[in-house]
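All of the numbers you see were taken from the coordinates with simple rules; none came from a lab. Nothing here was measured: the structure is a model prediction, and the numbers come from that model. Reconstructed Cβ throughout: ideal geometry from the backbone, glycine too, with neighbour counts over all protein chains shown.
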Amino acid sequence: MYLLKESHPEFISGEIICRNLGISRTAVWKHIQTLRANGYEIAALPHAGYQLLNVPDRLYPEEIHDGLGTEFIGRKVYYYEHAISTNETARELADRGCPDGALVIAEEQSGGKGRLGRKWFSPYGKGIWCSIILYPPVNPSDAPPLTMLGAVAIARAIRKVVQVEAGIKWPNDILLDGKKICGILSEMNAEIERINYLVIGIGINVNVEDFPEELEDNVTSLKIYTGQPVKRTVLLQETLRELEYLYKIWLQNGFQPILRFWKEMCVMLNQMVRVNGIKDIVEGWAEDVDEHGNLILRLGDGSLKGLVAGDVSLQGGFDLQANRREGSSL
Ligand code: BTN
């Protein structure tokens with residue numbers, strides 16, 4: 001594959017491939033047939049050799065690795081056409097001791113899991129449905145901000161690759177025009193003082209065109225938003241690079257620098273919000289997010305309340321500028 005890509009758009013002779021790989025012509029031909037069966041379009045001419053015409057829109061490990069440039073995140077890829085949930089597969093692989101930073105990716109999920117027990121719509125070939133396994137050397141109580149780190153990484157990757165102003169809604173939804181394009185579900189296996197492993201599950205609606213009716217009002221995809229299909233491998237690679245970059249910063253300097261990035265992209269600070277919490281619904285002014293990732297609300301009676309989890313909504317839509325405005329009033 002590498003040789004075909006390197007010589008693209010020119011032909012490369014069978015003989016050169018044989019010499020480079022140290023294999024026979026028959027072996028080369030078999031390899032070409034396998035690539036074709038995997039969706040690569042390759043022309044073959046008797047005296048010219050082989051020419052790569054088209055790479056399929058699949059998240060194959062070779063495509064992810066091509067130019068990735070990370071040290072450990074995504075170096076090992078477990079690829080599946082179909083998974084029930086990549087988070088579940090990731091947990092099984094982590095139980096068996098897979099490498100740090102391993103990536104589990106599926107073209108479709110039949111039982112994709114969302115936060116708060118919801119389902120995650122994951123149609124074939126239309127999104128990035130993946131999980132990353134990490135073994136962070138920290139106490140379990142220091143791990144929750146990693147999900148917010150994931151949101152920062154993805155929002156930065158989307159901004160870079162697609163050039164749209166993706167915003168973040170607490171704790172880790174990524175929105176475009178108030179509609180969700182990405183969600184993160186982190187799961188941890190830990191003892192009291194030790195994390196055995198952490199799974200960061202990422203769902204990005206990249207080229208989804210139709211959503212089930214009950215989701216339509218609240219979700220969108222990059223393709224619907226921009227009117228253009230987005231290359232999933234390119235966005236995934238950038239996400240992995242950003243993840244590794246921010247994860248290293250977090251390990252060295254803690255959560256503060258990450259939180260600064262997070263706040264810059266947040267679309268719901270300095271506004272009145274309603275939070276559907278685990279136990280109750282709370283309304284208040286979204287004043288801040290603290291160093292543990294808790295949302296700090298100023299309530300009607302002037303007191304402050306910190307929230308660990310919940311679903312945020314607000315009247316009038318989410319506003320990327322609001323958190324950049326100075327000061328806040330009650
Ligand atoms: C959310 O509800 O916002 C979180 C959604 C997380 C979905 C991703 S898709 C890949 C990974 N596998 C799962 O089953 N869920 C996560």
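The table below gives the values:
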| item | result |
| --- | --- |
| Value of relative contact order over region 143-259, rounded to a whole percent, pairs C-alpha under 8 Å and six or more apart | 26 percent |
| Alpha-carbon centroid distance for the pair region 113-129 / region 39-103, whole angstrom | 20 Å |
| Within a Gaussian network of the chain (alpha carbon springs, distance under 10 Å), most fluctuating of PRO46, PRO257, PRO56 | PRO46 |
| As computed over region 113-189, the Cα convex hull volume per residue (Å³) | 120 Å³ |
| Top of ARG25, ARG91, ARG58 by mean-square fluctuation, Gaussian network on the chain, Cα under 10 Å | ARG25 |
| ASP210 versus HIS47: modelled label distance in nm, points set 7 Å from Cα along the beta carbon direction | 5.1 nm |
| Mean separation of Cα contacts under 8 Å, 6 or more apart, over the residue count of region 1-138: relative contact order % | 18 percent |
| Cβ-based exposure ranking for HIS8, HIS65, in which fewest neighbours within 10 Å come first | HIS8, HIS65 |
| GNM top mover of GLU92, GLU81, GLU15 - the chain, alpha-carbon springs below 10 Å | GLU15 |
| Exposure proxy order (Cβ contacts within 10 Å, fewest to most) of HIS47, HIS31 | HIS47, HIS31 |
| Cβ-defined net charge surrounding LYS223, 9 Å radius [Lys, Arg +1; Asp, Glu -1] | 0 |
| FRET E, pair ASN218, ARG58, Förster distance 30 Å, beta-carbon r, rounded to 0.05 | 0.55 |
| MRE, 222 nm, helices only [DSSP H, n ≥ 4, -39500 (n - 2.57), over the chain, to nearest 500] | -9000 deg cm²/dmol |
| Residues LEU93, LEU304, LEU222 arranged by fewest to most Cβ contacts within 10 Å | LEU304, LEU93, LEU222 |
| The chain, relative contact order in percent, only Cα pairs under 8 angstrom and at least six apart counted | 13 percent |
| For the chain, diffusion coefficient by Stokes-Einstein and Kirkwood Rh (Cα), 37 °C, 0.692 mPa s, µm²/s | 153 µm²/s |
| Greater than 22 Å apart at Cα, pairs in LYS179/LYS263; LYS119/LYS179; LYS5/LYS30; LYS5/LYS248; LYS76/LYS179 | LYS5/LYS248; LYS76/LYS179 |
